[in-house]
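The structure appears right after this line, and notes come after that.
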Amino acid sequence: MSEPLPRRPVRAAFTWLLAIVALAAIILSVVKLEEGRAGVQISELAIGTTPATLYRKGTTDGPLVIVAHGFAGSRQLMQAYSLTLAQSGYTVLAFDFEGHGRNPVPMSGNVDSIEGTTALLVAETRRVIAAGRQMTDPLRGVALLGHSMATDVIIRAALEEAAVGTPVRGVVAISMFSVAITATQPPALLAISGAWEGALRAAALDALHQVDPDAGEGETADAGGVVRRAVAAPSVEHVGVLYSATALRETRAWLDRVFDFQGTGPILQPGGWILLLLAGVVALLKPLTRLLPSRRAALAGISAGRFWLAVLVPAIAVPLVCTALYVRFLPVLVADYLMVHLAAYGVLQLLLLRVWRLGRPGFSWAGMLLLVVWGIAVFGLAMDRYVASYVPNIGRLAVMAALAVGTVPFMVADSILTESGEGRGWQRIVARVGLLASIAAAAMLDPERLMFLFIILPVLLLFFLVQGLMGRWVGQRSGPVTAGIGLGVCLAWALAVSFPQFQAG
């Protein structure tokens, strides 16, 4: 039945209004984000095989700060620090660790041994330090800044630099944990934690108390030439601390102290503008879907009993079977297991739903291509410039193709099960919770090999909230198979570009 005539002008007006608001949000946020880059020379370069970015304000040759990201991160994730420091007159050199971002060399070595993967990352960091020293005035010295995993790496690199007579001037460790810290090394250490990072705040205080047992957060301990400070950035967690104004101010003030330098310039706060940009990109797809030809066909309803069967059986059976049969075959951590898990989950759901009895769901090439292009090229372009690496190197393309073997059938089954978003809200929640619970169960069944699956859970949750919404809009117009295939391709891309490449050995 066609839509009632009185509703069509209202819907058309809302569509135009949403498009205008979304475009305004995109334009405003891009202008504000680009302001943070204004006046900064940003140069892409390679240090051996390590991709790096050099940030300088004009012809300024300020003190050198090496910036290192955390696990599953990239240079882009550290841009709030890199650009704030560059705008303040520092020379900043940020890089992608092996296995991360654009780096073509996978991580390797034994991840459970300091002499394994960690030692290789420390060596890579020291190569970047050496290259950075050649780009700047060596008399000014160098400081190291790192987040999460990188805090242990940069602290060990600082210790090794000191051992060969080329000590660094200071270390800024964000979300820090490292057993390499002693009462005297590194001699100038700022530890910043998010207020919601309880265990890491305790680790920062432990490092502070090695110098002054009575010092607390927000205080600086100075004894025998060893200077330490621990700070908690309010109302943020492990990722939010990378955009915290408090953390950025503390970082610049600390570096000004260790370099005897006076940094001037704005403290950039791109977090809100990034959220506005991504919201605008997502929202703009909604009116664009109205241009698609309607290919949605009515499907037979899914009974409550069959819905619960399709949720619970895969959630229980798939982790039990797949962990027992798991054999590693892809060069990205746990990507091979995830591909098998998602493929088994999706195929089992399709069988339990008896999709051959539901009728012809309809399919639209235009709808699928719109979703893929928007989710990868448009949304991905915004992500890659302002948030995190979203453009794969050659080595990740094969991983992406392999992942699609699992992501496509899973997302098709999910779209049919939730009726492309036309189903009730609780059904969408239950269906996604079932998947997340099954992946968590797999990690608990085989923690030695699959512990990194826990890190994938928030990635999947964000995917469902953001790209899942875009898929829902396309599915409402073009049917669940269209949305499922498009979302499957987008999910394979997102997983392939975000998780580290690793080669055992």
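Before moving on, here are some points about what is shown:
- Hits in the stretch 120-130 (condition: in contact (Cβ under 8 Å) with a residue 24 or more places away in the chain and either on the phi > 0 side of the Ramachandran plot or open to solvent by 20 Å² or more (accessible area, probe 1.4 Å) (or both)): Arg126, Arg127
- Applying the condition of being closer than 13 Å to Arg102 by Cα and assigned to a strand (DSSP E or B) to the stretch 36-51 and asking which residue is least open to solvent (accessible area, probe 1.4 Å) yields Thr50.
- Candidates Leu333, Leu417, filtered to the one that is of a type outside the set (S, T, N, Q), in contact (Cβ under 8 Å) with a residue 24 or more places away in the chain and within 23 Å of Ser108 (Cβ to Cβ): Leu333
- Some residue of the stretch 157-175 being at pLDDT 95 or above, in a helix (DSSP H, G or I) and in contact with a Leu (Cβ under 8 Å, 6 or more places away or on another chain): yes
- Selected residue [open to solvent by 50 Å² or more (accessible area, probe 1.4 Å), touching a residue at least 24 places away in the same chain (Cβ under 8 Å) and among the small types (Gly, Ala, Ser)] from Ala441, Ala496, Ala401, Ala483: Ala401
- Among (1) more than 26 Å from the chain's Cα centre (by Cα); (2) at negative phi; (3) not hydroxyl-bearing (Ser, Thr, Tyr) - the single one Asp152 does not satisfy: (1)
- When Ala207 is tested against the conditions (1) open to solvent by less than 10 Å² (accessible area, probe 1.4 Å); (2) farther than 22 Å from Thr50 by Cβ; (3) not in a helix (DSSP H, G or I), the lone failure is (3).
- Complete set of residues in the stretch 95-130 that are at pLDDT 95 or above, in a helix (DSSP H, G or I) and acidic (Asp, Glu): Glu124
- Some residue of the stretch 408-424 being touching a strand residue (DSSP E or B) at 6+ places or on another chain (Cβ under 7 Å) and either open to solvent by less than 40 Å² (accessible area, probe 1.4 Å) or more than 29 Å from Gly280 (Cβ to Cβ) (or both): no
- Residue satisfying all of: in the stretch 214-255; farther than 19 Å from Ala195 by Cβ and not in a strand (DSSP E or B); modelled with the lowest pLDDT among these: Gly224
- Listed by first and then second residue, the pairs with beta-carbon distance under 8 Å, at least 6 apart or on different chains, first residue in the stretch 165-188 and at negative phi and of a type outside the set (D, E, K, R), second assigned to a strand (DSSP E or B) and surrounded by fewer than 22 Cβ atoms within 10 Å (Cβ to Cβ), are Ala183/Val226; Thr184/Val226; Pro187/Val226; Pro187/Val227; Ala188/Val226; Ala188/Val227.
- Residue within the stretch 246-262 that is hydrophobic (A, V, I, L, M, F, W, C), under 21 Å from the mean Cα position of the chain (by Cα) and more than 21 Å from His147 (Cβ to Cβ) present: no
- Residue match in the stretch 93-109 (condition: within 15 Å of Val153 (Cα to Cα), open to solvent by 10 Å² or more (accessible area, probe 1.4 Å) and over 22 Å from the mean Cα position of the chain (by Cα)): yes
- Here the condition is being open to solvent by less than 10 Å² (accessible area, probe 1.4 Å) and touching a residue at least 12 places away in the same chain (Cβ under 8 Å); of Leu28, Leu54, Leu33, Leu85, it holds for Leu85 alone.
- Residue check, Phe499 aromatic (Phe, Trp, Tyr), touching a strand residue (DSSP E or B) at 6+ places or on another chain (Cβ under 6 Å), modelled with pLDDT under 90 and within 13 Å of Leu338 (Cα to Cα): yes
- Criterion: within 21 Å of Leu350 (Cα to Cα), basic (Lys, Arg) and either without any contact (Cβ under 8 Å) to a residue 12 or more places away in the chain or surrounded by fewer than 23 Cβ atoms within 10 Å (Cβ to Cβ) (or both) - qualifying residue of Arg385, Arg428: Arg428
The values are calculated or read from the model by the stated rules, or taken from the named source; none is laboratory data. For clarity, every value in this text was computed on a predicted model and none was experimentally measured. Heads up, the Cβs are rebuilt from the backbone with ideal geometry, glycines too, and the neighbour counts pull from every protein chain shown. Surface accessibility is based on the protein's heavy atoms, side chains included, excluding ligands, DNA and RNA. Shrake-Rupley method; radii C 1.70, N 1.55, O 1.52, S 1.80 Å.
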